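The values are calculated or read from the model by the stated rules, or taken from the named source; none is laboratory data. On a predicted model such as this, the values are computed, not experimentally measured, just so you know. Counting neighbours? That spans all protein chains shown, and the Cβs are built from the backbone with ideal geometry, glycine included. Accessible surface areas use protein heavy atoms only, side chains included; no ligands, DNA or RNA. Shrake-Rupley method; radii C 1.70, N 1.55, O 1.52, S 1.80 Å.
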Amino acid sequence: MKLELSGVSRAFGEHRALDGVSYRCEGAGSVVLIGPSGGGKSTLLRILAGLERPDAGRVAVGGVVLRTDETSLRAHRRTLGVVFQAFNLFPHLTAQCNISLPLVEVHGFTRADADRRAMEVLERFQLGAHAGKKPGQLSGGQRQRAAIARAIAARPKLLLFDEPTSALDPEMTAEVLEVIRELREEGRDLVLVTHEMGFARLVADEVVFLAGGRVVENGSAEAVFGRPESDVVRDFLARILRY
């Protein structure tokens, strides 16, 4: 994975969510964004996903500079799989249709190929027996697994996860984290926003700590968690990892 951010800023009214963020990585398979709530993690992920436009700065994904016109952003989004904390499944569609519809409408699959691919990924995540159920008939963990299945169905170049376990209980959290770990072990490139510090340490090739809209520290998981250089990072981890 190759990411490059240079002076990226984004404000919402008086609130400066990102304040001149610069960061570069090349070769990392998994980048995990951590830090306090309100630090800019989700905003940065949405910019990488082409769902938010930066007010200033330059973003490049895979060596390609991300342009901010709608046509370019739409093309960029087709190369990604994005998983949100609130699942974002269509409530009136079955699990299978939630996956097959984007394949037809966005990626140009035939209906038969889309249905076949949807069943493949549902089976991959032990959801084949639930293909005909609507989201309201699924557990939280099953809904999030369906969302992950939808994200990988078109074989994206990069997977983006925005706090995918924040709405789940501990058992369902473990279930979803195991799926993400398996995807990482398969060699899929991913960027993950999470408050699950143990999991972040396990799966991250590179950790980026954001606070106050800025990158405070970045480096390997071993370095950031084991030998943090910043007092801000050290204090945050001491509080979070205390219990």
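May I ask you to list the residues in segment 124-172 that are closer than 17 Å to LEU190 by Cα, open to solvent by 20 Å² or more (accessible area, probe 1.4 Å) and not acidic (Asp, Glu)? So that I can check it myself, show each step before the final result.
Here is the first cut: in segment 124-172, the ones closer than 17 Å to LEU190 by Cα are 144-145, 147-165.
Restricting the remaining residues to those that are open to solvent by 20 Å² or more (accessible area, probe 1.4 Å) gives 145, 150, 154-157, 163.
Within segment 124-172, ARG145, ARG150, ALA154, ARG155, PRO156, LYS157 qualify.
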Being surrounded by 20 or more Cβ atoms within 10 Å (Cβ to Cβ) and at pLDDT 95 or above is true for just one of VAL232, VAL215, VAL176. Which residue is that? VAL215
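Within segment 5-34, count every residue that is in contact with a Lys or Arg (Cβ under 6 Å, 6 or more places away or on another chain) and crowded, with 19+ Cβ neighbours inside 10 Å.
Our first condition is that a residue be in contact with a Lys or Arg (Cβ under 6 Å, 6 or more places away or on another chain); within segment 5-34, this holds for 6, 17-19, 26, 30, 33.
Cutting the leftovers down to crowded, with 19+ Cβ neighbours inside 10 Å gives us 17-18, 30, 33.
Total satisfying the criteria: 4.
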Give, as residue ranges, the helices (runs of 4 or more DSSP H) completely inside segment 68-182 that count at least 1 residues that are in contact with a Lys or Arg (Cβ under 6 Å, 6 or more places away or on another chain) and closer than 16 Å to GLU196 by Cβ. none
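Test LEU183 against the stated conditions and say whether it is modelled with pLDDT under 95, aliphatic (A, V, I, L, M) and surrounded by fewer than 19 Cβ atoms within 10 Å (Cβ to Cβ).
Numbers: modelled with pLDDT under 95: yes; aliphatic (A, V, I, L, M): yes; surrounded by fewer than 19 Cβ atoms within 10 Å (Cβ to Cβ): no.
No: the conditions fail for LEU183.
So which of GLU52, GLU4 ends up being charged (D, E, K, R) and within 22 Å of ALA221 (Cα to Cα)? Before you say what the answer is, go through the steps one by one.
Details: GLU52 fails: within 22 Å of ALA221 (Cα to Cα).
Checking each option against the conditions leaves just GLU4.
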Looking at segment 47-59, I want the residues that are more than 19 Å from CYS25 (Cα to Cα) and have a partner that is polar (S, T, N, Q) and part of a loop (DSSP other than H, G, I, E, B) with Cβ atoms under 8 Å, at least 6 apart or on another chain. Which pairs are those? ARG53/THR68; PRO54/THR68
Can you spot a residue in segment 4-14 that is among the polar types (S, T, N, Q) and either over 18 Å from VAL224 (Cα atoms) or in contact with a Ser or Thr (Cβ under 7 Å, 6 or more places away or on another chain) (or both)? yes
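Any residue in segment 184-204 that is charged (D, E, K, R) and in contact with a Cys (Cβ under 6 Å, 6 or more places away or on another chain)?
The initial filter retains those residues of segment 184-204 that are charged (D, E, K, R), namely 184-186, 188-189, 196, 201.
Checking the rest, the ones that are also in contact with a Cys (Cβ under 6 Å, 6 or more places away or on another chain) come to none.
Within segment 184-204, none of the residues are charged (D, E, K, R) and in contact with a Cys (Cβ under 6 Å, 6 or more places away or on another chain).
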